[in-house]
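Inspection log for the structure reproduced underneath, given as structure tokens.
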Amino acid sequence: MNRWTLHGATTSYVVEVPEHGLWASLAAWGPHAVADGPSTIALVGTEHFLPRADVQPLEYAVRGIRYTNPTELVVSGPDGSDELRPIFTGATGEGDSLGLTFTDGLRGLRVVLHYRMPADLDVVERWVSVHNDGSDHLTLHQHDSAGFVIPTTSGAVVRYLWGEWNSEFQRGELDLRRGRFTIDSRQGITGHSYSPFLSVADAADPTGTTWGVQLAWSGSWQLSADVDTTGQTRVQAGRGPSTLGLALPPGASWVSPVAVGACSTEGPDGLARVFHAYQRSLAGVRLGVERKVLYNSWFATEFDVRADHQLELARRAVRAGVETFVVDDGWFTGRTDDTAGLGDWEVDSSAFPDGLDTFIADLKDLGLGFGLWVEPEAISPGSELAAKHPEWILRTDGREPLLIRNQLLLDLSRDDVAGWIWETLDRLLSSYEISYLKWDANRARLDAGDQRRDLDGQVVANLYKILDRLRVDHPDVFVEGCAGGGARVDLGMAARVDTLWPSDNTAPLDRLKIQRGFLTGYSPHLMSSWVTDAEGTHDGRERSLDFRFHVAMAGGLGIGADLSRWSDKQLEVAAGHVAQYREIRQTVAEGKLHWLSVGPVVGAQYVGADRSVVFLWNTGDANIRGTLPTRPRRIPLVRLDPAKKYRVGDEVHPGSYLLQVGVRWDGTTDSNCLVVEALDA
């Protein structure tokens with residue numbers, strides 16, 4: 001038996017290949033101790049009616065080794081057979097990495113299982129590469145990144161994120177004792193309906209050790225959880241299957257997206273912190289880039305962009321403490337509504353009669369940076385670009401392209417289209433002093449075209465190349481990923497942009513629920529959030545301006561309200577919150593997030609090295625006017641040193657008191673933001 005152990009910060013991942021070499025199987029995954037003894041996953045007893053491989057905890061199941069239970073790889077050749085029998089031929093790697101190679105001599109196919117487990121994190125990255133070393137043309141019909149065996153014994157509590165436009169990241173939970181549960185996107189984009197995230201806990205201990213899987217892919221995808229007859233769970237993660245499969249000609253290779261597995265002994269919230277730490281590692285040095293407080297003018301003006309009006313808003317934004325002013329949709333030629341203009345990325349002289357440079361200089365005189373909205377993958381049917389390059393529009397030959405939200409898509413699988421998008425962005429960013437770029441994508445990619453090509457793979461690969469090049473060639477530009485709200489939130493984007501827009505819904509109670517779901521799988525440093533005057537789509541109860549700010553301050557703070565309608569008092573309130581946010585924003589971006597809850601009070605505590613930031617929101621029907629007798633609530637905190645003293649506003653308390661009793665909230669407001677700072681001895 002060959003055995004390899006990968007060690008993370010507090011967890012280990014152990015893989016075995018038996019002497020016959022037909023498969024790799026999981027031996028252990030969990031706290032370090034599980035690697036020190038016999039496997040808790042290994043099968044005992046005799047299988048009946050099925051091959052052994054169909055009941056083994058396989059790391060990557062291939063059709064031809066496994067037959068009746070789900071497989072990750074199905075490959076056919078010109079002889080019509082879809083079976084492989086790859087045999088283990090060697091291992092490579094050292095430290096945090098491992099590669100296991102399996103070869104099918106008859107088919108001439110080589111499959112390499114790749115692993116990476118950083119020593120300072122509790123995640124394991126897994127992907128597969130498939131190499132056609134033979135002379136036959138092959139087709140990949142099923143092509144997942146990995147199969148993750150989860151060591152449950154009594155079935156699974158499966159948690160996932162679902163939603164729709166304006167209601168993304170709703171938390172769902174399923175008690176799966178036996179059978180299969182699948183979520184996916186067939187939209188050519190990550191999608192609003194589900195997030196590529198699943199977490200699993202043993203049904204016998206739903207709040208105990210929890211495992212999770214995410215996929216780093218921004219196209220079509222699929223995640224499935226299967227619970228077998230013994231109560232053990234297996235999660236498959238990969239790209240969505242294509243109608244005709246993926247062609248693999250002789251000499252070609254195919255590499256899957258990375259699937260990321262994570263484990264925490266601290267339950268679902270602990271799993272979130274593990275994923276947060278991983279995503280912060282993807283950001284690298286950019287995590288330290290200060291997240292400027294922005295103002296976005298969309299809700300104030302929509303398509304009616306006029307330089308004088310924008311400057312009026314900018315002057316009021318400065319009074320609120322804003323640092324960056326973002327002009328949204330409507331700044332370019334022909335863009336008077338959503339039926340025209342996309343693709344013609346030239347500054348509209350009627351909107352900026354003195355030129356965009358002059359406008360940016362005026363903002364700079366006010367002390368503001370400048371940001372710009374773009375949607376470079378889209379094209380309007382009547383645009384000059386559509387007339388000049390009709391062949392660039394994604395369509396199926398002989399059929400009219402599918403119009404959604406009055407727009408079409410460019411065929412980003414084409415290198416000339418990818419080159420044009422890059423040149424357009426590079427020209428804008430080189431010609432103007434732009435410090436913030438909001439990249440939007442407002443429709444699904446549904447036109448298929450020729451299915452003999454890997455459209456999904458080529459489009460996403462070109463998207464990633466452009467985003468990667470943006471970071472290299474324009475490192476000072478802060479990039480926001482947006483897709484009609486939260487339709488492109490995934491690990492692939494998290495590695496390539498600085499912030500993500502979770503939803504177009506900015507109403508306070510709706511937004512709080514959306515952000516609670518977002519933070520289940522994604523880090524606070526990625527969460528862009530605005531203060532607006534929006535009314536709730538689902539929960540229309542009124543909340544104060546303070547509440548709206550405290551919701552938005554839990555991520556990357558922005559303001560999107562029509563400031564021309566705000567009173568001097570509202571601008572003064574805003575300035576106070578912005579000033580506090582600028583003091584705490586790095587703790588929000590980098591702190592470890594713990595959720596608090598007492599009755600109708602929902603709290604979030606961001607734990608930093610020397611202080612915590614605590615947000616409290618009353619989500620019930622509050623007695624905030626104090627017209628009824630009541631007593632102050634106490635909300636216990638976490639992760640403090642019981643032997644130290646802490647300052648909370650004007651009060652000083654021992655850590656032991658704050659851990660056991662908590663911070664005081666008299667309920668006369670509907671939200672609060674507290675800074676808890678450790679005092680020197």
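The values are calculated or read from the model by the stated rules, or taken from the named source; none is laboratory data. Keep in mind the model is a prediction, meaning the values are calculated, not measured. Cβ atoms come from the backbone with ideal geometry, glycine included; neighbour counts cover every protein chain shown.
In the condition set (1) part of a loop (DSSP other than H, G, I, E, B); (2) farther than 26 Å from HIS276 by Cβ; (3) in contact (Cβ under 8 Å) with a residue 60 or more places away in the chain, GLU542 is compliant with all but (3). Against the list (1) touching a Phe, Trp or Tyr at 6+ places or on another chain (Cβ under 9 Å); (2) touching a residue at least 40 places away in the same chain (Cβ under 8 Å); (3) part of a helix (DSSP H, G or I), the condition LEU467 fails is (2).
Of the numbered criteria (1) modelled with pLDDT of 85 or more; (2) of a type in the set (Gly, Ala, Ser); (3) exposed (fewer than 14 other Cβ atoms within 10 Å of the Cβ), the one SER612 fails is (3).
LEU106 meets all of the listed conditions (1) touching a residue at least 24 places away in the same chain (Cβ under 8 Å); (2) surrounded by fewer than 21 Cβ atoms within 10 Å (Cβ to Cβ) but one, namely (1).
When the residues of segment 61-88 are narrowed to those that are of a type in the set (Asp, Glu) and surrounded by fewer than 20 Cβ atoms within 10 Å (Cβ to Cβ), which ends up farthest from THR101 (Cα to Cα)? Quick ask: steps written out before the conclusion?
In the first step, residues of segment 61-88 are kept if they are of a type in the set (Asp, Glu); the result is 72, 79, 82-83.
Then keep just the ones that are surrounded by fewer than 20 Cβ atoms within 10 Å (Cβ to Cβ); that gives 79, 82-83.
Details: ASP79: 25, ASP82: 20, GLU83: 18 Å.
Across segment 61-88, the extreme among qualifying residues is ASP79.
Considering segment 344-444, the qualifying helices (runs of 4 or more DSSP H), each wholly inside and each with 2 or more residues that are under 30 Å from the mean Cα position of the chain (by Cα), among the aliphatic types (A, V, I, L, M) and within 17 Å of VAL326 (Cα to Cα), run over 415-431. With the requirement that a residue be aliphatic (A, V, I, L, M), part of a helix (DSSP H, G or I) and within 18 Å of LEU571 (Cβ to Cβ), what does segment 286-314 give you? Answer for segment 286-314, where residues must be aliphatic (A, V, I, L, M), part of a helix (DSSP H, G or I) and within 18 Å of LEU571 (Cβ to Cβ): ALA300, LEU311, LEU313, ALA314.
Condition check ((1) closer than 23 Å to GLU290 by Cβ; (2) in contact with a Lys or Arg (Cβ under 8 Å, 6 or more places away or on another chain)) across all residues:
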site: GLU480; (1), (2): yes, yes
site: PHE518; (1), (2): yes, no
site: SER529; (1), (2): yes, yes
site: THR537; (1), (2): no, no
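Would you confirm whether any residue within segment 173-183 is of a type in the set (Asp, Glu), in a strand (DSSP E or B) and over 14 Å from the mean Cα position of the chain (by Cα)? Checking segment 173-183: at least one residue is of a type in the set (Asp, Glu), in a strand (DSSP E or B) and over 14 Å from the mean Cα position of the chain (by Cα).
So which residues in segment 581-624 are among the aliphatic types (A, V, I, L, M) and more than 18 Å from ARG548 (Cβ to Cβ), if there are any at all? Explain how you work it out, then say what you get.
In the first step, residues of segment 581-624 are kept if they are among the aliphatic types (A, V, I, L, M); the result is 584, 588-589, 593, 596, 598, 601-602, 604, 607, 609, 613-614, 616, 622, 624.
If the condition is that a residue be among the aliphatic types (A, V, I, L, M) and more than 18 Å from ARG548 (Cβ to Cβ), then ALA589, LEU593, LEU596, VAL598, VAL607, ALA609 are the ones that fit.
Name every residue in segment 185-244 that is among the aliphatic types (A, V, I, L, M), assigned to a loop (DSSP other than H, G, I, E, B), at pLDDT 95 or above and farther than 15 Å from ALA444 by Cβ, in order of residue number.
Taking segment 185-244 first, the residues among the aliphatic types (A, V, I, L, M) are 189, 198, 200-201, 203-204, 213, 215-216, 223, 225, 227, 235, 237, 244.
With the extra rule that they be assigned to a loop (DSSP other than H, G, I, E, B), the set shrinks to 189, 203-204, 216, 244.
Then drop every residue that is not at pLDDT 95 or above, which leaves 189, 203-204, 216.
Listed by number, the residues that qualify are ALA203, ALA204, ALA216.
With respect to the conditions (1) outside the structural domain of LYS644 (by TED's automatic domain parsing); (2) under 24 Å from the mean Cα position of the chain (by Cα); (3) under 30 Å from ALA277 (Cβ atoms); (4) touching a residue at least 60 places away in the same chain (Cβ under 8 Å), GLU583 lacks only one, and its number is (2).
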